[in-house]
1. Once the Cβ-Cβ distance between ASP208 and ASN275 is put in as r, and R0 is 30 Å, what FRET efficiency do you end up with, to the nearest 0.05?
2. Tell me whether the chain comes out rounded, prolate or oblate; compute the Cα gyration tensor, take square roots of the eigenvalues as a ≥ b ≥ c, and use a/c under 1.5 as the rounded threshold.
3. Along the range 241-252, what does the Karplus equation 6.51 cos²θ - 1.76 cosθ + 1.60 (θ = phi - 60°) give for ³J(HN,Hα), rounded to whole Hz, x for Gly and Pro?
4. So if I place +1 on the C-beta of Lys and Arg and -1 on the C-beta of Asp and Glu, and nothing else carries charge, what would the dipole magnitude of the chain be about its Cα centre? I want it in debye, nearest 20.
5. What are the lysines whose alpha-carbon lies under 30 Å from the alpha-carbon of LYS260, with same-chain residues fewer than 8 places away excluded?
6. Starting from the Cα coordinates of the range 142-298, work out the convex hull volume and express it per residue in Å³.
7. Rg to Rh for the range 67-163: what is it, with Cα atoms only and Rh by Kirkwood?
8. Can you list the HN-Hα couplings for the range 2-10, worked out from phi with the Karplus curve (6.51, -1.76, 1.60; θ = phi - 60°), rounded to whole Hz and with x for Gly and Pro?
Amino acid sequence: MGIEDEIRKAKGRRNALILSHNYQRPEVQDIADYVGDSLELCREARKSGAGLVIFCGVTFMAEAALILTGKDVRMPDLHATCPMAAMLSAEDIRKYKRIHPGATTVIYINSTAEAKTEADVICTSANYEKVIGDAPTDTVLFGPDANMAQRAARICGKKVIAMPADGHCRIHSHLITKTKIGRLKELHPKALVLVHPECVAEVQAMADVVCGTGGMARIARESDRKEFIIGTEEEMCHRLRKENPGKAFYGVGAYCNNMKKTTLEGILRVLNSDNDGRISLDAEIIRKTKPALERMLA
Ligand code: 13P
Ligand code: SF4
């Protein structure tokens, strides 16, 4: 029996749900019950009747699933973290709040659970423009991604203060460059250019659409175009190619090593164990964070 069959058998026995982010290894995406972006994975975790959730992504995503569902949430590798999330602490946010009293605090889901306790509302790449646009104040504190903060300020016409001023994802802001997108545009002049809002402003300016990975999946499906340049983590192209066989997707070759820590062997190990990879959070952190995450889903 191959490892995929062993996983399917163990999954049935444990009544487990396997969730995979769009940046996971192809074989992990292929074994999952659902592949999606940060917002969609939170929704799926909540919707499912399964008591055990195997979360293939990075820790902030699995923590959000735990906070929203209270289920037994496991990660095949607990070292799969998002370095950007570590760029903003709860204490940093409190300092910004003291300087800008009365401002709405919007926290990107790519953040620690402790930082989320300071949020009025939490957002993802799929809804940050709406969440910031709908904020009841003209000044909004936003973090940890400064590229998204700058973009929201341009689009929503609000004063958006980035916390910290230079928070970023190395994959999106250093590996997806103007030169690489320019070269792909020269090679594929008919392609629609989709880039993630975590990319720097000059890369965003080269795109036809700036959107999160859920938006990319929808546009690829609905568009009449046959070719797409994909300005996000490379493995997104696996899902896009699988779902759109007649279309071509050109990635930039930017890989998130944390997203690659999850393997089939790791999935099987946590499925066969009672405690391995369990996500746990302080009850007080869950209590303080849940309302802001609920507002994100609403
Ligand atoms: P999405 O929510 O767009 O999938 O983004 C998550 C992420 O980590 C981007 O780097
Ligand atoms: Fe974090 Fe960037 Fe990896 Fe997304 S791609 S999980 S933002 S390091």
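Coordinate-derived values only; no laboratory data. Keep in mind the model is a prediction, meaning the values are calculated, not measured. No Cβ is skipped: glycine too gets one built from the backbone with ideal geometry, and neighbour counts run over all protein chains shown.
1. Values: r = 47 Å, r/R0 = 1.56.
My answer for the efficiency is 0.05.
2. Details: a/c = 1.96, a/b = 1.08, b/c = 1.82.
Oblate, because a/c is 1.5 or more while a/b does not exceed b/c.
3. Per residue, the Karplus-derived 3J(HN,Hα) values read 5, 5, 7, 10, x, x, 10, 10, 10, 10, x, 9 Hz.
4. Numbers: 43 positive and 39 negative charges, 73 e Å.
Magnitude of the dipole: close to 360 debye.
5. Excluding near neighbours in sequence, the set is LYS9, LYS11, LYS47, LYS71, LYS116, LYS178, LYS180, LYS185, LYS226, LYS242, LYS247, LYS290.
6. It comes to 166 Å³ per residue, whole-number rounded.
7. On the way: Rg = 13.8 Å, Rh = 13.9 Å.
Computed over Cα atoms, the ratio is 0.99.
8. Once rounded to whole Hz, the list reads x, 5, 4, 5, 4, 5, 4, 5, 5.
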